[in-house]
Amino acid sequence: MFLSVLREREFALDFTFPTLLLICILIFFVAALYSSVGHGGASGYLAVLSFFAVSPEKMSTTALMLNVLVAGLATWSYYQAKHLSMKLAWPFILASIPAAFVGGTIRISEKAYFMLLALVLLFAAFRLVFSSLAGTDQTSDQPVNPAISLPLGAGIGILSGIVGVGGGIFLSPIMLLMKWASVKQTAAVSALFIVVNSFAGLGGRALRGSFDVSTSIPIVAAAFAGGLLGSYFGASKFSGLVLRRILGLVLAIAAFKLIVTMI
């Protein structure tokens, strides 16, 4: 009886039951894979929702809301496993929060949005696949220079606010390639970075009057379950090499999907 009721009703994102079920399955796997490497999964959620003719406003707002949920779970898991270093995190976060808020207030055309999203996914896929080939997990003894981290955080923040991602897809490969942190430290910092940027991006959207909260409960539940599972295995069970390979694979698939749909 419960299933029959679900099939007969319209959901918040205007999906029929079979479509919603498929979306929930995809969102679950995206959340599980991304959270295992400390990411919220916004680029994956955007890729999934772009299959189903969802407007850019709903896509970006939904992705940011799920980002907060899933990256929040990842942050807690990595914190509990003692991988989160605020000494590493604060220089990036300090400048990214206001920048992401400003980015969230910027409205761009639908065509420009999808072109920018495609570039984001391409960049993320290339950098993370490249970083996954690194043979070691060594870190530098030198602290992160605020003269580098502050403008870097601001730049990632404003781009994240515009597109509707948390920015971890940019921050994590840079941290790994610069050897500023180990894989799990990077995942922990990225998760926290994503949470605060996503909140700031949502705040910017609310300010400009385009805060579309039409995310259905089943989608949120799927993201929560996937994020809980992925963050547990990422923080406690997976090796650094496995995390690199998972993240590279996930973003490569997301980038390829969007390129195909735009051709």
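The values are calculated or read from the model by the stated rules, or taken from the named source; none is laboratory data. Please read all numbers here as calculations on a predicted model, not as lab measurements. A quick note on method: Cβ atoms are made from the backbone with ideal geometry, for glycine too, and the neighbour counts reach across all protein chains shown. Keep in mind that these areas ignore ligands, DNA and RNA; they rest on the heavy atoms of the full protein, side chains included. Shrake-Rupley method; radii C 1.70, N 1.55, O 1.52, S 1.80 Å.
Of note:
- Whether segment 62-113 is rounded, prolate or oblate, judged on the alpha carbon gyration tensor where a/c under 1.5 counts as rounded: oblate
- When you count the other C-beta atoms within 10 angstrom of each residue and take the mean per peptide, 61-68, 150-157 line up highest first as 61-68, 150-157.
- Computed over all pairs of different Cα atoms, the Kirkwood value for the hydrodynamic radius of segment 35-90 is 12.3 Å.
- 5 angstrom amide H check on Val165, placed H, neighbours 5+ away: none
- Applied to segment 189-198, the Karplus parametrisation 6.51 cos²θ - 1.76 cosθ + 1.60 on θ = phi - 60° returns per-residue 3J(HN,Hα) values of 5, 4, 4, 5, 4, 5, 4, 5, 5, 5 Hz, with x for Gly and Pro.
- Phi to ³J(HN,Hα) by Karplus 6.51 cos²θ - 1.76 cosθ + 1.60 over segment 219-228, Hz, x for Gly, Pro: 5, 4, 5, 5, 5, 4, 5, x, x, 5
- Phe28 sits with roughly 60 Å² accessible to a 1.4 Å probe, with DNA, RNA and ligands left out of the calculation.
- Of His83, His39, the order by accessible heavy-atom surface (1.4 Å probe, DNA, RNA and ligands excluded), from most exposed downward, is His83, His39.
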